[in-house]
Structure formats: C-alpha cells, structure tokens
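Here's the structure, in structure tokens; my notes come after.
The values are calculated or read from the model by the stated rules, or taken from the named source; none is laboratory data. Computed from a predicted model, the values in this text were never measured in an experiment. Using ideal geometry, Cβ is built from the backbone for each residue, glycine included, and neighbour counts are taken over all protein chains shown.
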C-alpha cells in the first residue's frame, strides 16, 4: 500500500477555546491510539491533512511526532457542520506483526456486456473494508465488470484477493447494470428482428 509521511506537533489536552484558536492558525487537533499504545495527542497542518482527506486513495501514514516515528492509518474525522472543514482527526496505530483494518478503494475495469447492450452502470460503493498484514495491503482492488449483464450486480463476496480478508458485508452491492429506456428499445428491436426472420 502507498505510504505518506506527515510531521505532527505534540499538544496538550486543553480547553475548547484553545482548540478553536489552534484551528484558526491552520492546525487541526489529532489523536493517535491503538491496542497497547498510549494515546498521543498532536496536531497537523490543515494542508497536510488534506493530502489524506481529499483523496480516494488510502495510505499507511508515517507519522513523526516530536522526533518519534509511528506507523498509522487514518481512522475517522469530525467535520464542521457548516464549513465542512475537519475539526478533529483520529489515527490508528499499526504494526508489521498485526493485521491492519482499512478501507481500500475499488477500481472498475473492463467493458460491461450489459452496458454495451444499452444498460447503465451504477457504482454503489467506492471502497471496501479489508484486513491484512501491512505487506499484503493493496493500493486498490480491481473489480472486473466485463461479464456483468443488465439487471446483475457484483457484491463484496465476489472479491477474492490473496492474503486479504474482506470485512465489508458479503451482500453489499459494489456495482449494478440497470435497465434503461435505450436497453428496452434495443431489446424490443432485437425481438422484432428475430420474429421477422422467422416469417
């Protein structure tokens, strides 16, 4: 999986007014936590955070906080209800010897047979949650839609990646080819042509 390096600044657990002032200066309060790890409170520049928040990619984050290195993944964020800007971000500590749980983007590949027949591809899910060791985590997961017909769907349970456990519920729909008016018209034309050939 791709990695990204960010440098954070240690901070104290403080009052809301101080956190608000921190945000005005372009620093976002963050916390790093995980099993067997004491919570680390720190801040990151808002521009640095955008590198992981405003992208479909997922990363292993190499965090440097006061000279100490930590491996982590983005876990969650709180956003301002009006400005939609991040106001607090959580990171989860990870290690080489334990499975990592993270959301991985899916990449649609191939040309759907159903789309060629006039159907419309509807992508319902952009990421799936997986569990894998650090060295097995993929940058993305390819979903081949070449054989996807009209009215058919691809589900999370259809994904099979060696060394990777799919945690997204098996029945979760990733994409579907839906019937359209164009497809109905094409089917009717084909049926009429077939009937004409039989005469």
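Only one of the listed residues (19, 92, 82, 44) is within 28 Å of residue 133 (Cα to Cα) and more than 20 Å from the chain's Cα centre (by Cα). That residue is 44.
Residue 20 falls short on exactly one of the conditions (1) farther than 27 Å from residue 140 by Cβ; (2) in contact with a strand residue (DSSP E or B) (Cβ under 6 Å, 6 or more places away or on another chain), and that condition is (2). The residue that is modelled with the lowest pLDDT, counting only those in segment 119-141 that are touching a helix residue (DSSP H, G or I) at 6+ places or on another chain (Cβ under 8 Å) and in a loop (DSSP other than H, G, I, E, B), is 119.
Restricting 102, 106, 154 to those that are farther than 27 Å from residue 51 by Cβ, out of contact with any helix residue (DSSP H, G or I) (no Cβ under 8 Å at 6 or more places or on another chain) and assigned to a strand (DSSP E or B) reduces the list to 154.
Rundown of residues vs (1) buried (at least 16 other Cβ atoms within 10 Å of the Cβ); (2) touching a helix residue (DSSP H, G or I) at 6+ places or on another chain (Cβ under 8 Å); (3) modelled with pLDDT of 95 or more; (4) part of a helix (DSSP H, G or I), yes/no style:
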| residue | (1), (2), (3), (4) |
| --- | --- |
| 160 | no, no, no, no |
| 163 | no, yes, no, no |
| 174 | yes, yes, yes, no |
| 185 | no, no, no, yes |
| 191 | no, no, no, yes |
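Only one entry of 116, 47 meets the criterion of being closer than 30 Å to residue 153 by Cα, surrounded by fewer than 16 Cβ atoms within 10 Å (Cβ to Cβ) and modelled with pLDDT under 90, and that entry is 116. One residue stands out among those in segment 74-96 that are in contact (Cβ under 8 Å) with a residue 24 or more places away in the chain and assigned to a loop (DSSP other than H, G, I, E, B): the one that is nearest to residue 181 (Cα to Cα), which is 85.
The rows are residues; the columns are (1) in contact with a strand residue (DSSP E or B) (Cβ under 7 Å, 6 or more places away or on another chain); (2) under 22 Å from residue 41 (Cβ atoms); (3) surrounded by 12 or more Cβ atoms within 10 Å (Cβ to Cβ).
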{"position": "66", "(1), (2), (3)": "yes, yes, no"}
{"position": "81", "(1), (2), (3)": "no, no, no"}
{"position": "105", "(1), (2), (3)": "yes, no, yes"}
{"position": "108", "(1), (2), (3)": "yes, no, yes"}
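Taken over segment 123-151, the criterion of being farther than 26 Å from residue 75 by Cβ and buried (at least 16 other Cβ atoms within 10 Å of the Cβ) is satisfied by 145, 148, 150.
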